[in-house]
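Below is one structure, written out as structure tokens, with a few remarks after it.
Any read-out appearing in this document is the output of simple, stated calculations on the displayed coordinates, not a laboratory observation. Everything numeric in this text was worked out from a predicted model, so none of it was measured. Every residue, glycine as well, gets a Cβ built from its backbone with ideal geometry; the counts of neighbours run over all protein chains shown.
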Amino acid sequence: MAEVLKPVTGREFWPVDKVILTYFTATGLMDLACWKGMQDAPVWLTWHVVGIALLLYEIKRPNFTSWIFRNWYPLPYVASCYREVQSLIPPIRNATCDRWLDGLDVRIWHAHPSLWLEHIYSPWLTEYLQVVYTLFIPAVLWVAFLLWRRRDYRNFQYYAFLIALGFLTSYVGYILVPARGPRFLLKHLEHIPLQGTFLFQQMQSALDRLERVAYDCFPSGHTELTILAWWSSQRVSKRLFKVYFAYTPGLIFATVYLRYHYTVDVMAGAVLALILIAASPWLYDQLRDRV
């Protein structure tokens with residue numbers, strides 16, 4: 001990761017602001033285009049107006065809340081974008097790409113990878129991998145928390161930019177290639193339903209309730225963002241970098257074993273992460289230098 005200069009302060013637009021404002025504007029226009037076919041379009045369009053206005057106010061009228069708000073607001077804003085994109089997909093795309101993605105998997109492996117892994121099925125392994133998968137968001141946020149606690153605002157702001165960009169680019173992928181995953185498409189082919197030992201069902205049900213009906217397979221955001229968090233963890237310590245290096249392969253394997261993703265989703269997520277790792281320092285500098 002290239003060195004960035006200093007934490008950005010003052011009334012100028014930060015790089016992460018420009019990314020989020022661009023995304024909000026684009027999806028706001030999509031809300032208008034889908035107004036008749038999108039039941040909650042008025043709600044999302046209202047949020048766009050309020051969200052943009054709030055951000056502009058905090059930028060141009062700094063106050064005692066501005067420092068905290070401007071460093072942490074990408075978290076709720078990007079989370080809301082995930083909800084919105086799930087509402088945008090049905091009126092934009094009237095079919096999913098699951099069969100196409102599964103077909104690519106079969107061409108590569110000559111089998112359905114998530115079902116082939118039934119050969120190593122174990123309730124204990126299922127439980128462990130579900131815990132690993134469920135810890136995805138805490139793992140991504142933990143790097144941010146540690147940078148913030150160390151008052152390393154320079155690297156914190158770059159990390160916030162990188163992670164926000166990572167999430168938002170994955171959302172674009174969800175719109176272009178909507179898919180729900182092999183645990184829905186291939187359920188009728190399962191020989192062994194996944195079962196854990198203690199909390200597997202509760203964790204999976206909780207995630208399902210949070211995501212509702214989600215078209216969030218391609219690319220694998222879990223793969224992409226975990227790689228970004230692993231790469232960025234070196235800014236905290238070498239020890240943390242090693243911990244994330246151990247965690248990341250387990251998370252990636254879990255996405256396929258638990259039937260959440262096709263392997264082509266994982267490959268796309270990994271490629272996207274590598275592109276962002278390589279391109280984001282340059283993009284960050286470009287956006288920072290242009291007020």
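With angles folded into 0 to 90 degrees, how steeply does helix 15-33 sit against the dominant principal axis of the chain? Use alpha carbons for both and round to 10.
Once rounded, the angle reads 70 degrees.
Using alpha carbons only, what's the Rg to Rh ratio of the range 89-136 with Rh from Kirkwood?
Ratio value, two decimals: 1.13.
Quick one: if the Förster radius is 25 Å, what FRET efficiency do residue 243 and residue 124 give, using the C-beta to C-beta distance and rounding to 0.05?
Calculated value: 0.70.
What is the count of Lys pairs in the chain whose alpha carbons sit under 23 Å apart, if the two are 8 or more places apart or on different chains?
Lysine pair count for the chain: 4.
Percentage of Cα-Cα pair distances in the range 95-289 greater than 31 Å, rounded to whole percent?
20 percent
Quick one: go through the range 236-250 and flag any residue whose amide nitrogen is under 18 Å from the point 7 Å out along the Cα-to-Cβ line of residue 151.
So the set is 236.
Roughly how tilted is helix 123-134, in degrees to the nearest 10 and between 0 and 90, from the longest Cα axis of the chain?
Taking the Cα atoms of the chain, the angle to 123-134 is about 20 degrees.
What does the charge count around residue 108 come to, taking other residues whose C-beta lies under 13 Å from its C-beta (Lys +1, Arg +1, Asp -1, Glu -1)?
Details: positive: 107; negative: 102, 105, 265.
Result for the local shell: -2.
Report ³J(HN,Hα) in whole Hz for each residue of the range 251-261, in order, from the Karplus equation J = 6.51 cos²θ - 1.76 cosθ + 1.60 where θ = phi - 60°; Gly and Pro get x.
So the Karplus estimates, Gly and Pro as x, are 5, 5, 4, 4, 4, 8, 4, 7, 6, 7, 9 Hz.
Could you go through the range 172-182 in sequence order and give the Karplus-derived ³J(HN,Hα) for each residue, using 6.51 cos²θ - 1.76 cosθ + 1.60 with θ = phi - 60°, rounded to whole Hz, and x for Gly and Pro?
These are the phi-based 3J(HN,Hα) values: 4, x, 4, 5, 6, 10, x, 7, 9, x, x Hz.
Separation between the residue 187 and residue 26 pseudo-spin-labels, each 7 Å from Cα along Cα→Cβ, expressed in nm?
About 3.2 nm, to one decimal.
Tabulate in residue order the Karplus-calculated ³J(HN,Hα) for the range 227-238, using 6.51 cos²θ - 1.76 cosθ + 1.60 with θ = phi - 60°, rounded to whole Hz; enter x for Gly and Pro.
Using θ = phi - 60°, the values come out as 5, 4, 5, 4, 4, 6, 5, 5, 6, 8, 6, 5 Hz.
With a cut-off of 8 Å between alpha carbons and a minimum separation of six or more residues, what is the relative contact order of the chain in percent?
Details: 336 pairs, mean separation 79.3, N = 291.
So the answer I get is 27 percent.
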